[in-house]
Amino acid sequence: MFKKSMLAQARLHELVPGGAHTYARGSDQFPEDMAPILRRGRGARVEDLDGNWLIEYGMGLRAITLGHGYQPVVDAVCAAAADGVNFSRPSVWELDAAEDFLDQVPGADMVKFANQARAGGDRA
């Protein structure tokens, strides 16, 4: 049932410690018979490398409440990407996000958004 996926998972274990770049996605965090390698998602379902469509109960580590490939989000991301992303100087997106955040948090004067990277993966 998972022949291609199992081969890809074995290869990942040869290249990436634990078989995944984040601890929570590692094969030791899931049952043995669970699809190990996913190709794509649509709504609440995901497809593995063997063409099996399954319900993804975790929805991308519980962060994707709208489902995979939700068209309004896809359209908004494509429109934003067409204007460019990851500039070397601040963008209007940072200004808008800071103003929106500070409007919602009484008493806050400033905000700084950051990506928190920890040694050892995504464990707290």
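The values are calculated or read from the model by the stated rules, or taken from the named source; none is laboratory data. Just so we're clear, the structure is a prediction, and the values are computed from it rather than from any experiment. No Cβ is skipped: glycine too gets one built from the backbone with ideal geometry, and neighbour counts run over all protein chains shown. Please note that ligands, DNA and RNA were not included when accessible areas were found on the heavy atoms of the full protein model with its side chains. Shrake-Rupley method; radii C 1.70, N 1.55, O 1.52, S 1.80 Å.
Name the residue that is surrounded by the most Cβ atoms within 10 Å (Cβ to Cβ), counting only residues in the range 79-103 that are within 14 Å of PHE113 (Cβ to Cβ) and among the charged types (D, E, K, R).
Among those that are within 14 Å of PHE113 (Cβ to Cβ) and among the charged types (D, E, K, R), it is GLU94.
Does ILE37 satisfy the criteria of being among the β-branched types (Val, Ile, Thr) and open to solvent by less than 40 Å² (accessible area, probe 1.4 Å)?
Yes: the conditions hold for ILE37.
Taking interchain pairs and intrachain pairs at least six residues apart, which have beta carbon atoms under 7 angstrom, with the first residue in the range 19-32 and farther than 15 Å from GLU56 by Cβ and open to solvent by less than 40 Å² (accessible area, probe 1.4 Å) and the second part of a loop (DSSP other than H, G, I, E, B) and aliphatic (A, V, I, L, M)?
GLY26/ALA20
Just to be sure before I move on: is LEU38 within 27 Å of VAL74 (Cβ to Cβ) and aliphatic (A, V, I, L, M) in the structure I sent?
Working: within 27 Å of VAL74 (Cβ to Cβ): yes; aliphatic (A, V, I, L, M): yes.
Yes, satisfied.
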